[in-house]
1. Right, Thr237: among the β-branched types (Val, Ile, Thr), under 12 Å from Ala68 (Cβ atoms) and touching a strand residue (DSSP E or B) at 6+ places or on another chain (Cβ under 8 Å) or not?
2. Would you tally the residues in region 71-95 being at pLDDT 95 or above and more than 21 Å from His233 (Cβ to Cβ)?
3. Would you please name the residue that is nearest to Lys64 (Cα to Cα), looking only at residues in region 268-283 that are away from ligand 3 (no atom under 15 Å from the Cβ) and among the hydrophobic types (A, V, I, L, M, F, W, C)?
4. Do the conditions hold for Thr258, that is, is it hydroxyl-bearing (Ser, Thr, Tyr), away from ligand 1 (no atom under 16 Å from the Cβ) and either under 21 Å from Ala340 (Cα atoms) or touching a residue at least 24 places away in the same chain (Cβ under 8 Å) (or both)?
5. So how many residues does region 196-218 have that are part of a loop (DSSP other than H, G, I, E, B) and either within 11 Å of ligand 1 (Cβ to nearest atom) or in contact with a His (Cβ under 8 Å, 6 or more places away or on another chain) (or both)?
6. Residues Gly135, Gly179: which one is part of a loop (DSSP other than H, G, I, E, B), open to solvent by 40 Å² or more (accessible area, probe 1.4 Å) and at pLDDT 95 or above?
7. For region 299-325, which residues satisfy the criterion of being surrounded by fewer than 23 Cβ atoms within 10 Å (Cβ to Cβ) and within 19 Å of the chain's Cα centre (by Cα)?
8. From the set of residues in region 215-240 that are without any contact (Cβ under 8 Å) to a residue 60 or more places away in the chain and surrounded by fewer than 19 Cβ atoms within 10 Å (Cβ to Cβ), which is nearest to ligand 3 (Cβ to nearest atom)?
Amino acid sequence: MPSLAEEICIGNLVSLQTLPDSFTWKLTTAYSDLPPSSATVEESIPVVDLSDPDVTTLLGNACKTWGAFQIANHGVPQDLLDDIESLSKTLFDMPAERKLEAASSDKGVSGYGEPRISPFFEKKMWSEGFTITDGSYHNHFLTLWPHDHTNYCGIIEAYKAEMEKLATRLLSCILGSLGVTVDDIEWAHMPENSESKVGFGAIRLNHYPVCPEPERAMGLAAHTDSTMLTILHQSNTGGLQVFREESGWVTVEPAPGTLEVNIGDLFHILSNGKIPSVVHRAKVNQTRSRISIAYLWGGPAGDVKIAPISKIVGPVGSSLFRPVTWKEYLQIKSEVFDKALDAIRTDNPSNSPSNVL
Ligand SMILES: C=C1C[C@]23C[C@H]1CC[C@H]2[C@@]12CCC[C@@](C)(C(=O)O1)[C@H]2[C@@H]3C(=O)O
Ligand SMILES: O=C(O)CCC(=O)C(=O)O
Ligand SMILES: [Fe+2]
């Protein structure tokens, strides 16, 4: 069966009035779509002004109640956000055959293709994307833009640099809200210089084309990010929803000048479950296509293990998760998806040494 990219881009699907069966989701399984009976007020995730003197408390509260928030006064130049958005538009506007020349070779990692979580779902997602995890995007960009790839690569480099700065700043503020500092993280005392300790992660450019029956389709299925945290720039069209037990699915309306932040699984581990990762998904739209750019910030580079911070666990508490490197965690996630955190829990009997993955 052709992929969405092939079908959409050769113009088959966009003109359809109904959704093909392979793209029709039954939204009754995990994370019910029914609003909880207690949801009487419209709720939305908080907007935190990073220049507010109370920023630590505000971020701490946002993390504990939602695991997601929007940030204002984040310091990322608007021009750069515009540049990466138009880079994404230019890429996704190309004919399918061109995009497929930059297809990812290694099951949804670097390059053009479907979301990596696709194999866990029976139905197809109404989206396409381009993932950047390492330097291989240089070659892909050279294929896509033989004449001005240097310009496009420069945008990615600048974006990475800005996002890394912002992510580090958010990390220390959120840790501050838990009464600890970056120095309390075990890896902060590793001998390497700080540059090599804080690894990168990924940038995912997402495109959600217009869809004839958005209610029955899914742009990106419910998931948590395997990151420390994710910083998301969404175009002026909404679609992102976050899930909260008390509220059900809550749409994050794009607010001009803000970026959205999601807490990922590594933060969940690091904080010993005090700051849980957030389940989120992307819905699609009947009249407007949508672009989002996710900066998925991984943990420390290489073989550094991520484990609950001992100062958070406390002298009598117990560490809920065994230490894992980011690479190991991504591997576990690619095998068991939404059971990945359970798979590394220390109190899960099926994780006893004779039973581990
Ligand atoms: C570095 C990462 C993090 C990945 C896997 C790998 C490359 C692409 C990332 C995403 C991006 C889109 C959502 C997600 C859920 C997906 O399908 O691919 C992410 C996933 C994860 O956070 O687990
Ligand atoms: O497009 C969105 O709003 C969500 C994207 C996302 O969750 C991701 O790329 O991990
Ligand atoms: Fe995500």
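The values are calculated or read from the model by the stated rules, or taken from the named source; none is laboratory data. Worth saying up front: this structure is predicted, and the values here are computed from it rather than measured. Here the Cβ is made from the backbone with ideal geometry for all residues, glycine too, and neighbour counts use every protein chain on show. In case anyone asks, the SASA skips ligands and DNA or RNA and just uses the protein heavy atoms, side chains included. Shrake-Rupley method; radii C 1.70, N 1.55, O 1.52, S 1.80 Å.
1. In short, no.
2. 0
3. Taking the candidates together, the pick is Ile275.
4. Taking the combined requirement at face value, the residue satisfies it.
5. Qualifying residue count, region 196-218: 2.
6. Just one listed residue meets the conditions, Gly179.
7. Answer for region 299-325, where residues must be surrounded by fewer than 23 Cβ atoms within 10 Å (Cβ to Cβ) and within 19 Å of the chain's Cα centre (by Cα): Ala301, Thr325.
8. In this case the residue turns out to be Gly238.
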